[in-house]
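Remarks on the structure that follows.
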Amino acid sequence: MPLSEIHKRKRSKNFMILAAIAAWIALIWVITMVKIAHGS
């Protein structure tokens, strides 16, 4: 049964989604920090 292969694919897809969300949050955080730094 190719269950492990499906699990691997699902896991890598979930990891890609998690990485994309983390990168988006990091980007927003950096922009916010830059705005605060330039504001004050």
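No lab work stands behind these numbers, since they all come straight from the coordinates. A quick note: this is a predicted structure, and the numbers were derived from the prediction, not measured.
Per residue of the chain, the DSSP helices (runs of n ≥ 4 H) give a summed -39500 (n - 2.57) that works out to -34000 deg cm²/dmol at 222 nm. Match the structure shown to one of the listed values (1) 67; (2) 25; (3) 45 of volume of the Cα convex hull per residue in Å³, computed from it, and give that label. Label of the calculated value: (2). Scalar couplings 3J(HN,Hα) for region 21-34, obtained by applying the Karplus form with A = 6.51, B = -1.76, C = 1.60 to θ = phi - 60°, are 5, 4, 5, 5, 4, 4, 4, 4, 4, 5, 4, 4, 4, 5 Hz; x denotes Gly and Pro.
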